[in-house]
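Trainee: Below you will find the structure I want to go over with you.
The values are calculated or read from the model by the stated rules, or taken from the named source; none is laboratory data. This one's a predicted model, so the numbers in the text were calculated from it and none came from an experiment. Don't worry about glycine lacking a Cβ; one is built from the backbone with ideal geometry, like all the others, and counts go over all protein chains shown. Quick note on the areas: whole protein, heavy atoms, side chains included, nothing else; ligands and nucleic acids left out. Shrake-Rupley method; radii C 1.70, N 1.55, O 1.52, S 1.80 Å.
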Amino acid sequence: VKFNLATNHIEEAYRFDGVLSNKSYINDVRVDTQRKVAYLTNFNEGGIVVVDLNSGIARQLLHNHYSVKHDPSFTLVVDGKEFKKNGQPVRLQSDGIALTPDREWLYYKPLTDNKLYRIKTAYLRDEELSEQELEANVEDLGRFVVTDGMIFDTNGNLYMGDYQNYSIVQINPALEMKTLVSEERLIWPDSYSISPDGYLYISCSQINKQPDYNEGENKRISPYTIYKMPLPA
């Protein structure tokens, strides 16, 4: 949904009828305002959804590719135990996405493992490419941390929340990772925003503290919080 903040009215609503199943869960979104394209993730089934904001046409891509699926070899441990719901290990698919500052690359990853992938946005926008040709252009960047959301700064550094370790990490353009802060208040850091004055804003969703993942016990702490931290120089 596109909101005009000047008028406080909805200008556009983009729909996915006929593109996604009723089992899909559309989550993170990144918008290229120059090319008028939005990229979204389907974290329940796995997939990258590309929306032409001029025409409203949506396409789901990479739906069956391993890069949008949980790595079956990875066991997710949170708060000292395997992350389970109703006794079953939680396996969630493509979730966090981020556009590089030049909007030439889309980085993405599954929610419940530590793999990171990227693909050139030109390939995602090319409607002539077959699914096989698209899959051939996915790049596997390796293992980093288990994160929910992620975001780039203007210098091409990628910020991710390591929710296993209550931390925020930075990955530089050379794919070197360092931990910026570890703090017990960072309970499942998730959505991010970077302000013009150089602060990273962090919301904490506390998903790991919900009753579903703790044998019915609610471990969430009120109120929910948003934090900010200065970006490293």
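Trainee: How do the pairs read when you match residues in segment 39-51 that are small (Gly, Ala, Ser) with residues anywhere that are open to solvent by 10 Å² or more (accessible area, probe 1.4 Å), using Cβ under 7 Å and keeping only pairs 6 or more apart or on different chains?
Mentor: The qualifying pairs are Gly46/His63; Gly46/Lys69; Gly46/Gln93; Gly47/Gln60; Gly47/Leu61; Gly47/His63.
Trainee: For residues in segment 165-176 being open to solvent by less than 50 Å² (accessible area, probe 1.4 Å) and not small (Gly, Ala, Ser), which is nearest to Pro223 (Cα to Cα)?
Mentor: Tyr166
Trainee: Looking only at segment 139-171, count every residue that is assigned to a strand (DSSP E or B), under 22 Å from Ile187 (Cα atoms) and charged (D, E, K, R) and tell me the total. Spell out the reasoning first.
Mentor: In the first step, residues of segment 139-171 are kept if they are assigned to a strand (DSSP E or B); the result is 139-143, 150-152, 158-162, 167-171.
Those left that are additionally under 22 Å from Ile187 (Cα atoms): 143, 150-152, 158-162, 167-171.
Of the ones still in play, those that are also charged (D, E, K, R) are 143, 162.
Number satisfying all stated conditions: 2.
Trainee: Being farther than 23 Å from Pro230 by Cβ and more than 18 Å from the chain's Cα centre (by Cα), is that true of even one residue in segment 104-124?
Mentor: Looking through segment 104-124, at least one residue is farther than 23 Å from Pro230 by Cβ and more than 18 Å from the chain's Cα centre (by Cα).
Trainee: Something else now. I'd like to check which strands (runs of 3 or more DSSP E) are fully inside segment 1-57 and have at least 1 residues that are surrounded by 16 or more Cβ atoms within 10 Å (Cβ to Cβ).
Mentor: Here the list reads 26-32, 37-42, 48-52.
Trainee: Output yes when any residue across segment 120-129 is open to solvent by less than 40 Å² (accessible area, probe 1.4 Å) and within 25 Å of Tyr159 (Cβ to Cβ), and no when none is.
Mentor: So far as segment 120-129 goes, yes, one or more of its residues are open to solvent by less than 40 Å² (accessible area, probe 1.4 Å) and within 25 Å of Tyr159 (Cβ to Cβ).
Trainee: Any idea how many residues of segment 204-233 are touching a Phe, Trp or Tyr at 6+ places or on another chain (Cβ under 6 Å) and under 16 Å from Gly80 (Cα atoms)?
Mentor: Final tally of qualifying residues: 3.
Trainee: Right, another one. Identify all residues within segment 95-116 that are open to solvent by 10 Å² or more (accessible area, probe 1.4 Å), in a strand (DSSP E or B) and touching a residue at least 40 places away in the same chain (Cβ under 8 Å); write none if there are none.
Mentor: Leu99, Tyr107, Lys115
Trainee: Continuing with the same structure: Quickly run through segment 84-94 and pick out the residues that are modelled with pLDDT of 95 or more and in a loop (DSSP other than H, G, I, E, B).
Mentor: Answer for segment 84-94, where residues must be modelled with pLDDT of 95 or more and in a loop (DSSP other than H, G, I, E, B): Val90, Arg91, Leu92, Gln93.
Trainee: Kindly establish whether Leu92 is touching a Leu at 6+ places or on another chain (Cβ under 8 Å), within 21 Å of Asp190 (Cβ to Cβ) and free of Cβ contacts under 8 Å to residues at least 60 places away in the same chain.
Mentor: Considered against the rule, which asks whether it is touching a Leu at 6+ places or on another chain (Cβ under 8 Å), within 21 Å of Asp190 (Cβ to Cβ) and free of Cβ contacts under 8 Å to residues at least 60 places away in the same chain, Leu92 comes out as yes.
Trainee: Shifting gears a bit: What number of residues within segment 204-227 are buried (at least 18 other Cβ atoms within 10 Å of the Cβ) and of a type in the set (Gly, Ala, Ser)?
Mentor: 1
Trainee: Take the residues of segment 177-203 that are aromatic (Phe, Trp, Tyr) and in contact with a Phe, Trp or Tyr (Cβ under 7 Å, 6 or more places away or on another chain): which is most open to solvent (accessible area, probe 1.4 Å)?
Mentor: Filtering segment 177-203 for residues that are aromatic (Phe, Trp, Tyr) and in contact with a Phe, Trp or Tyr (Cβ under 7 Å, 6 or more places away or on another chain), the one most open to solvent (accessible area, probe 1.4 Å) comes out as Tyr201.
This table checks each residue for (1) aliphatic (A, V, I, L, M); (2) more than 19 Å from Tyr159 (Cβ to Cβ); (3) over 20 Å from the mean Cα position of the chain (by Cα); (4) not in a helix (DSSP H, G or I).
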| position | (1), (2), (3), (4) |
| --- | --- |
| Leu175 | yes, no, no, yes |
| Leu186 | yes, no, no, yes |
| Tyr192 | no, no, no, yes |
| Leu200 | yes, no, no, yes |
| Asn208 | no, yes, no, no |
| Ala233 | yes, no, yes, yes |
